[in-house]
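Asks: Here it is, the structure, as structure tokens.
Only the coordinates and a few stated rules stand behind these numbers; no lab work does. Here the structure is a predicted model, which means the values were calculated and not measured. Glycine gets a Cβ as well: all are built from the backbone with ideal geometry, and neighbour counts include every protein chain shown.
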Amino acid sequence: MTPRLRHLTTLEHLSRESIEHLLDRAIALRDACAHGTRKLDTLAGRTVLNLFFEPSTRTRTSFELAARRLGADVVNFDIGFSSSAKGEALYDTLHTLEAMHLDAIVVRHKVSGTPDELVRHAMSGVSVVNAGDGNRAHPTQGLLDALTIRQHRPDFENLTVTICGDIRHSRVARSDVHALGALGVGEIRFCGPAALLPEASEFPQCRFTEDFDSAIEGADVAIMLRLQKERMAATELPDEAAYFKRYGLNNQRLARAAKGCLVMHPGPLNRGIEIADEVADGAQSRILEQVANGVFVRMAVLADLLAR
Ligand code: CP
């Protein structure tokens, strides 16, 4: 039997069995809640706090929907209108909120390692879920990407996955590599300008290139990433038109990939910079499937952590 999670801050040390268990549970919950049209009582009496110190559309909304569809109460902590704005320390905020009784904290923070810090300081019995920390990890995005790929191409060992864009600053790329590596993906290619690629020593299992035309050649999955300007110095910003010319995914480039190549993007999209409209809205785009799967994967994670 797969051991239940206590917290989820990274996928780095999760086994293939644990990841497959979460993906299977996501599908089971999707069916049990009839794609969101039926509410479950799995987490009745439980309280989930969304504590987002960085903006989010997809992750925050889907954690809220996931918790509600499982019957939990949800509190969306509004940082802008909280006492954080008056200088309250993170741990004082944490202990204040815990005193009101919580079962899980879903946290997003610009500083890598914040979720693990919260694990160290949280009251026993409170689970911490990482909704994205700095450039380090976005574990539920890694899971939802793996689920989306599995629905179309369960033969992970035969797959070539190309991840293109600002990988250096990307927590999504890191969690994708952890998930896809554990699931046995045959080849993972990293592509982007040298300044936006991570150190090769961090990813000995990936192939690196600055040439997108060769990176997309024969790929079964293309995961496009945006330029994360919020994590770059002004001098690091590439010229957007030149970037699109070299690294933007358009139909002409997609034709070099394997037939039926899945086009993915974690969002938010910057159209005309890393992806053309014709591809983002095209027949091979799986972007909205990723969004839909995000709710089911987050239901699986919350249920695994909190169900009695
Ligand atoms: N993929 C993702 O994390 O999107 P949001 O920033 O909108 O949550």
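Asks: Please compute the Cα-Cα pair-distance distribution of region 63-190 with 10 Å bins starting at 0, giving whole percents from short to long.
Replies: Reading the bins upward from 0: 11, 34, 31, 18, 6, 0.
Asks: Packing-wise, with mean Cβ within 10 Å as the measure, how do 290-303, 272-285 rank, highest first?
Replies: Ranking the peptides 290-303, 272-285 by packing returns 290-303, 272-285.
Asks: What does the convex hull of the Cα atoms of the chain come to per residue, in Å³, rounded to a whole number?
Replies: 135
Asks: Per residue, how big is the convex hull of region 176-289 when only Cα atoms are used? Give it in Å³.
Replies: It is 113 Å³ per residue.
Asks: Please name which of Gly218, Thr160, Val48 has its Cα lying farthest along the dipole of the chain towards the positive end, using unit charges on Cβ (Lys, Arg +1; Asp, Glu -1) and the Cα centre as origin.
Replies: Val48
Asks: In a shell of Cβ-Cβ distance under 12 Å around Leu102, excluding Leu102 itself, what net charge do Lys and Arg (+1) and Asp and Glu (-1) give? Show your work: numbers first, answer last.
Replies: Working: positive: Arg46; negative: Asp73, Glu98, Asp103.
Residues near Leu102 contribute -2 overall.
Asks: Here's something else I'd like to know. How big is Rg to Rh over region 227-308, alpha-carbon atoms, Rh as the Kirkwood inverse-mean-distance radius?
Replies: Here the Rg-to-Rh quotient is 1.11.
Asks: Using a simple charge model, +1 on the beta-carbon of Lys and Arg, -1 on the beta-carbon of Asp and Glu, nothing else, what dipole does region 36-129 show about its Cα centre, in debye to the nearest 20?
Replies: Dipole size: approximately 440 debye.
Asks: Near the amide H of Leu8, under 5 Å away, which other amide H atoms are found, from residues 5 or more places off or on another chain, if H is placed in the peptide plane?
Replies: The answer is Val128, Val129, Asn130.
Asks: Restricting to the chain, what percent of DSSP beta bridges are antiparallel, rounded to 5?
Replies: Details: 1 of 36 bridges.
That works out to approximately 5 percent antiparallel.
Asks: Do you know the relative contact order of the chain, to the nearest whole percent, from alpha carbon pairs under 8 angstrom that are 6+ apart? List each step's numbers first, then the result.
Replies: On the way: 573 pairs, mean separation 64.7, N = 308.
This gives 21 percent for the chain.
Asks: Among rounded, prolate and oblate, which fits region 9-56 when a ≥ b ≥ c are the square roots of the eigenvalues of its C-alpha gyration tensor, a/c under 1.5 means rounded, and a/b larger than b/c means prolate?
Replies: It is oblate, given that a/c is not under 1.5 and a/b is not larger than b/c.
Asks: Among Tyr91, Tyr243, which comes first, then next, by fewest other beta-carbon atoms within 10 Å?
Replies: Ascending number of Cβ neighbours within 10 Å: Tyr91, Tyr243.
Asks: A further question on this structure: What number comes out for the charge environment of Leu288, summing +1 per Lys or Arg and -1 per Asp or Glu over other residues with Cβ under 13 Å away?
Replies: Once all neighbours under 13 Å are counted, the net charge is 0.
Asks: Right, next: Given the options Ser15, Met100, Ile149, identify the residue whose Cα lies farthest towards the positive end of the charge dipole of the chain (+1 on Cβ of Lys, Arg; -1 on Cβ of Asp, Glu).
Replies: Met100
Asks: Just the number, please: percent antiparallel of the DSSP beta bridges in region 23-159, rounded to the nearest 5.
Replies: Antiparallel bridges: around 5 percent, rounded to the nearest 5.
Asks: What is the magnitude of the charge dipole of region 65-205 about its Cα centre, with +1 placed on the Cβ of each Lys and Arg, -1 on the Cβ of each Asp and Glu, and no other charges, expressed in debye to the nearest 20?
Replies: 240
Asks: Among Arg308, Arg226, Arg6, rank each residue by its count of other Cβ atoms within 10 Å, from fewest to most, as a rough exposure measure. All intermediate terms of the calculation are to be shown ahead of the outcome.
Replies: Values: Arg308 7, Arg226 19, Arg6 12.
Final ranking by Cβ density, sparse to dense: Arg308, Arg6, Arg226.
Asks: Run the helix sum for the chain: -39,500 (n - 2.57) per DSSP H stretch of 4+ residues, divided by residue count, reported at 222 nm to the nearest 500 deg cm²/dmol.
Replies: -11000 deg cm²/dmol
Asks: Ranked by Cβ crowding within 10 angstrom, fewest neighbours first, how are Glu202, Glu12 ordered?
Replies: Values: Glu202 11, Glu12 16.
Going from least to most buried by this count: Glu202, Glu12.
Asks: While we're on this one: Going by a 4.7 Å Cβ-Cβ cut-off, which cysteines of the chain have no partner at all?
Replies: Singleton cysteines: Cys33, Cys206, Cys261.
Asks: Could you pull out every residue, at least 5 positions away or on a different chain, whose amide H is within less than 5 Å of the one on Val75? Hs are placed 1.01 Å off N in the peptide plane, and Pro or chain starts have none.
Replies: Long-range HN contacts for Val75: Val48, Leu49, Asn50.
Asks: Also, quick follow-up: About its Cα centre, how strong a charge dipole does the chain have in debye, to the nearest 20, once Lys and Arg get +1 and Asp and Glu get -1 at the Cβ?
Replies: 580
Asks: Related question: Can you check what the Kirkwood hydrodynamic radius comes to for region 39-119, Cα pairs only, in Å to one decimal?
Replies: For region 39-119, inverting the mean 1/r across all distinct Cα pairs yields 13.3 Å.
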